[in-house]
Amino acid sequence: MKIREVGLLTYEMEALKEFYGTILGMDLVEESKISVSFCAGESILSFKKAPEQEKPFYHVAFTIPTNKLAEAKKWSQDRNIPLLSKDGQDEFYFPYWNATAIYFYDPSGNLMEFIAHHSIDNAVDEAFHVKHLLCISEIGLPVDDVPETMSILNKHYQLEPFAGDGKQFSPTGDAEGMFIVIDRQMPWFPDGRMPGVFATEVTVETVKTGSLRIQDGLYSLVSI
């Protein structure tokens, strides 16, 4: 699966413009008073102004070249982006995924991730740069019923679980792109926050086209 665009809500529009556009240096795709979009390699990351009093937060991961985790870590630290740590570690290897990741917050409190999938042949020789944010490869979807959501995604898009127990946590798709389907009562890794359920729009490429809404209509998923 390829994630082409992720649309999220934010209560920190100006701060996000500064963070993604200036600090990270991502190319601006579109901007208005209530929305902004940035290019993340083959994907687009978009934000719209959240309703008053709502403070949404999400989980999003960017794929980076398989050999650039250490450089991406230093690149982030050079931009004064604090990395999240757990048990004294700030980078995490996931054996089943064969991937290594670092995590940080953006100004809207989103749990962001740079992940290097070692099963993907995308190594580069040049120094790490914002252009090496190759795509959005994960978007979190906290739900009330993980097995039911899995069944819907399989029926509509022929997506299979990538990892997880299928009961509370079930990343769905493949190393190129996946929905991180998680029980809304299960905390995120590595920060331990309970997930929030907020309006999310995702455009993907799968083997089947079509659209659906899940989680009481809050999640709009479109396959093109």
Longest DSSP-loop-exposure-free segment, GluC sites (Glu not before Pro), the chain, at most 15 other Cβ within 10 Å: 127-224
Anisotropy class of region 27-115 from Cα gyration tensor, a/c 1.5 cut: prolate
Rel. contact order, % - alpha carbon contacts under 8 angstrom, at least six apart, the chain: 23
Estimated dipole of the chain in Debye, rounded to 20 [Cβ of Lys and Arg +1, of Asp and Glu -1, Cα centre]: 200
Heavy atoms of residue 59 accessible to a 1.4 Å probe, total area in Å² rounded to 10: 10
FRET efficiency, 1/(1 + (r/R0)^6) with R0 41 Å, evaluated for residue 93 and residue 209 via beta carbons: 0.70
Prolate/oblate/rounded call for region 168-224, Cα gyration tensor, a/c under 1.5 rounded: oblate
Solvent-accessible surface (1.4 angstrom probe) belonging to residue 206, in square angstrom, nearest 10: 30
Sequence-separation-based contact order of region 1-94, relative, with Cα cut under 8 Å and 6+ spacing, percent: 26
Gain upon complete extension [residue 155, residue 122; 0.36 nm per residue less C-alpha separation]: 8.8 nm
The chain, accessible area per residue, ligands and nucleic acids excluded (1.4 Å, Å²): 46
Modelled label reach - residue 218, point 7 Å along Cα→Cβ, region 103-147 residues with backbone N closer than 16 Å: 110-111, 139-146
Rounded percent of accessible protein surface that carbon and sulfur make up, region 1-138, 1.4 Å probe: 49
Where 146, 222 fall by accessible area, highest first, once all protein chains stay in place (1.4 Å): 222, 146
With DNA, RNA and ligands ignored, accessible area of residue 216 (1.4 Å probe; Å², nearest 10): 150
Stretch in the chain that is longest and holds no trypsin sites (Lys or Arg not before Pro) that DSSP places in a loop and that have at most 15 other beta carbons within 10 Å: 80-166
Segment residue 33-residue 185, extension gain: residue separation times 0.36 nm, minus the distance between their alpha carbons: 51.3 nm
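The values are calculated or read from the model by the stated rules, or taken from the named source; none is laboratory data. Fair warning: this is a prediction, and the values are worked out from it, not measured in the lab. Note that we place each Cβ from the backbone using ideal geometry, even for glycine, and neighbour counts take in every protein chain shown. Surface accessibility is based on the protein's heavy atoms, side chains included, excluding ligands, DNA and RNA. Shrake-Rupley method; radii C 1.70, N 1.55, O 1.52, S 1.80 Å.
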